[in-house]
Each structure stands twice: as C-alpha cells, then as structure tokens.
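Before any comments, here is the structure.
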Amino acid sequence: MKRIVSGIQPTSGLTLGNYLGSIKQFVQMQDNYEMFIFVADLHAITTGLISPEELRQNTLNLVRSYLAFGLDPNKVNLFIQSTMKEHAELGYLLMCQTTLGELNRMTQFKDKSAKFQKEANGTQKLPTGLLIYPTLMAADILLYSPDYVPVGIDQKQHIELTRNIAERINNKFKTELFKIPDIIIKKEGAKIMDLCDPKVKMSKSATTHKGVIFLNDPIDVSCKKILSAKTDSLNKINYDVDQQPEIANLINIYSCLSDMTIDDICNKYANLGYKEFKQDLANLLQDFLSSYQEKFKTYNDDYVRDVIEKSYTKVKEIAKAKLDEVLEKLGFVNYEKC
Ligand code: AQP
C-alpha cells in the first residue's frame, strides 16, 4: 500500500474548509492507503496565541472530529504530533538546512504576520514559530517517508518546500535518506473561501467569524451564515469564479456536500434565484452537521485515549528509526553504538 501522511492543527474548532479540503479525502482514502493522520498540536502554538486549556481541549476534540467523520482507528494510524518527540527534533535539523530567505517567502508566513499589530514605532513582535512552521511541517512529513500528502491548496507551497529540503539533503549528503513525497490536492474543496469575503480562504483564525462555518457551532448559527452569505446582484446561479466568486464558492460547497457536479447544480437552479439555492444549501449543511455532531458527542476521553494508544507503538518505531538514520547521516554520535 502507498503511504499517506497529513495533519490538522488544533488552533480552534474545525471549519468546513478543513473538512472539505482535507478530512473528506482522508476518509475516502483509508481503504486504499496506509494512513498516518495526526493532530498537529506543536503547530498550534506557533502563533503564541493559544492557552494551555484550549490546546488540550482542541487536541482531544480534533481526534473526536476525525472519528466522527469516519476515520477508522483500525485502518488509520491516528496520533498526536507532540507525543512523537521526533517531530520537533527533526524539525530542528531541517531548519538548519533551510535559509531565512526561503522561510520569509512563504505566503502563509506573510499572511499570518500581516495580522499581527504594529507597535507605535512601526515594528512587529512576530513569533519565530510562525517563520519556522514549514520546517516542522517538513519533519512531520519526511519522518514517515510517505508517497503522498493530501492537503488543501493553501499548503501547496509548504509541500514544495518540503520536497526542496529533502532533495537538498539527499544531494548534500549523497544519500537517499528522504523519500520525495507527492502532493494530492482534490479539485473540489481545495480552497473554500470565506462566506463574507471570497478573496480570503475560510480559516479557523479569521479575524471575524461571520463568514466561517465552524463544524461544532450550533447548527442554526451555521445555517444562518449560509443564508446571509455575501452574493452579487445578478441573482443567477452560475459558476464563474472571476465574475461571481461568492456564488461560485457556495456552488463549490454545495457540490462537495451533495456530491453533485457543478454543472448539475447550475442546471438544477437555472430558473431559480439565490434565495432558493441558499435555503437548499442550508438544509444540506444542516443534515451534514447533525449527523457529524451526533457522532462527535459519543466519544469520551477514555475512548480517545484508547484510539491514540492503539497506533502509538507503530508510529513511534517508524519515527524513531528515521530520526536515528538522519542523525547518523549528519554525523551525530550515537551513544548506544559508539
Ligand atoms: N478554506 C479551506 N479550504 C480547503 N482546505 C482548507 N484547509 C484549511 N482551510 C481550508 C486545509 O485543512 C488542512 C488543515 O489545515 P491546518 O489547520 O493545518 O492549517 P491551515 O491550512 O492554516 O488551516 P486554517 O483553518 O486556516 O487554520 P489556521 O487558521 O489555524 O491557520 C490543510 O490541508 C489545509 O490545506
């Protein structure tokens, strides 16, 4: 079986974008791939904004969400990133093989940095974690030698950097130390946009939550967000990302939730207006969220712990073996062997 690695950071509750851009794919792939899916809790502290209590709760809740969406712990290796110390250690080693210029060029770094307030003297107190996020992400991936990494389109640049770092180290140390992973981005759901601003992606850390569907919010709140989503004045259900980006985003969400094609949706609503379309989409969302939230409630802390324990030993063995191999190639003395 080909191997897959991916994760999500527990910065806050999950959004519909997180589900459609990543978890939906994980569930579809679990029968045909060897999967390593984790909660990226070390990434969640890179902005320095999360409290310990939130981190703990969001981490456990993200495991519940994975399960509620249908990830089967008998098929998928589910784990919490920080329980594998190898991620942080390999992250450090990779950071030392990366240039400041490369990290400064990352779009996510620029976007997230821009959200930090400027001081009176014009400077910004930016957390270093934001800058080195991609090298930790490279470690998350390269530790497990995956064939593919399924992500939303916003993470494409980070995967490309991961590939560059891996190739650079392989060349520099004349080895095949790292397998070069390929990225998988599913066209549908690859980038769900904010319901109030189609220029920005729907994101957990959006400054305003009006255009973000949080999967664990009360369902009526989420349905209202669909009904009041920004649309143009044409009142025509047409998929045109440039001219009608707001309705195109809603059609995309409709397509992902119903598994209808975009053409079929446009045909179905050819003679109807935005009001009817939004109401139907809100109903679809309601069904989807009710089924998810029902399941989410059924996993208590003990069950979550059992799930995490289940794959711990296997994941640990793989991570440790790869880290040991890297340390040796880079010239670190292995106390047990010398
Ligand atoms: N709007 C989106 N559309 C499609 N896919 C998305 N993803 C995130 N937002 C969308 C995908 O979800 C996975 C997990 O993302 P993450 O939590 O690790 O980090 P992120 O990409 O930075 O996601 P957020 O929601 O924007 O989180 P915050 O606000 O905490 O940074 C990834 O595969 C991502 O592509």
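Quick note: the coordinates plus some simple rules give every number you see, no bench work behind them. All values reported here derive from a predicted model rather than from experimental measurement. Every residue, glycine among them, receives a Cβ derived from its backbone with ideal geometry; neighbour counts consider all protein chains shown.
Sort the following peptides by mean Cβ neighbour count (other Cβ atoms within 10 Å, averaged over residues), highest first: 300-307, 119-126.
Those peptides, ordered most packed to least, come out 300-307, 119-126.
Given springs between every Cα pair under 10 Å in a Gaussian network model of the chain, which of K199, K297, K118 has the largest fluctuation?
Ranking K199, K297, K118 by mean-square fluctuation puts K118 first.
Extension gain Y312-E102, at 0.36 nm per residue separation less the Cα-Cα distance, in nm? Write out the running numbers ahead of the final one.
Details: separation 210, 0.36 × 210 = 75.60 nm, distance 3.33 nm.
Full extension of this stretch gives 72.3 nm more.
Here are some pairs, K110/K210; K156/K201; K179/K329; which of them have Cα atoms lying more than 19 Å apart in this structure?
Check vs 19 Å cut-off fails for K110/K210.
Towards the positive end of the charge dipole of the chain, with charges on Cβ (+1 Lys, Arg; -1 Asp, Glu), say which of N121, A282, L103 has the farthest Cα.
N121
Using helices alone, what [θ] at 222 nm do you get for the chain, with -39,500 (n - 2.57) per DSSP H run of 4 or more residues, divided over all residues and rounded to the nearest 500?
Mean residue ellipticity at 222 nm (helix-derived): -15500 deg cm²/dmol.
How big is the Cα convex hull of the chain in projection, averaged over all directions, in nm²? If you can, show how the numbers build up before the last one.
Values: hull surface 78.5 nm².
For the Cα atoms of the chain, the hull's average projected area reads 19.6 nm².
With unit charges on the beta carbon (Lys/Arg positive, Asp/Glu negative), name the residue among S82, V39, G70 whose Cα is farthest towards the positive pole of the charge dipole of segment 24-96.
Positive-end residue among those listed: G70.
Anyone know which of E86, E246, E328 comes out most mobile in the 10 Å Cα GNM of the chain?
Its mean-square fluctuation being the largest, the pick is E328.
Given a cut-off of 18 Å, name the pairs among K236/K268; K75/K187; K191/K236 whose C-alpha atoms lie farther apart than that in the structure shown.
From K236/K268; K75/K187; K191/K236, over 18 Å: K75/K187; K191/K236.
Go through K204/K230; K186/K275; K24/K297 and tell me which ones have a Cα-Cα distance over 23 Å in this structure.
Values: K204/K230 19 Å; K186/K275 29 Å; K24/K297 19 Å.
Where the Cα-Cα span goes over 23 Å, the pairs concerned are K186/K275.
Would you mind getting me the FRET efficiency between N170 and C338? Use the beta-carbon distance for r and R0 = 35 Å, nearest 0.05.
E between N170 and C338, to the nearest 0.05, is 0.90.
For the chain, what proportion of DSSP beta bridges, expressed in % and rounded to the nearest 5, is antiparallel?
Percent antiparallel among DSSP bridges in the chain is about 15.
Identify which of T231, T175, T135 has the largest mean-square fluctuation in a Gaussian network model of the chain, with springs joining Cα atoms closer than 10 Å.
Fluctuation is largest for T175.
Report the gain in length on full extension from M1 to I183: 0.36 nm times residue separation, minus Cα-Cα distance, nm rounded to one decimal.
Difference between extended and current length: 63.9 nm.
Sorted by mean Cβ packing within 10 Å, highest first, what order do the peptides 163-171, 186-194, 5-13 take?
5-13, 186-194, 163-171
Kindly rank 29-41, 271-283, 210-222 from highest to lowest mean number of other beta carbons found within 10 Å of each residue.
Highest to lowest by the protection proxy: 29-41, 210-222, 271-283.
If eta is 0.692 mPa s and T is 37 °C, what Stokes-Einstein diffusion coefficient results for segment 156-215, Kirkwood Rh from Cα pairs, in µm²/s? It would help to have the intermediate numbers written out before the result.
Details: Rh = 14.3 Å.
The estimated diffusion coefficient comes to 230 µm²/s.
Quick one: what does P(r) look like for segment 233-338 with 10 Å bins over all Cα pairs, in whole %?
12, 25, 13, 14, 18, 12, 5, 1
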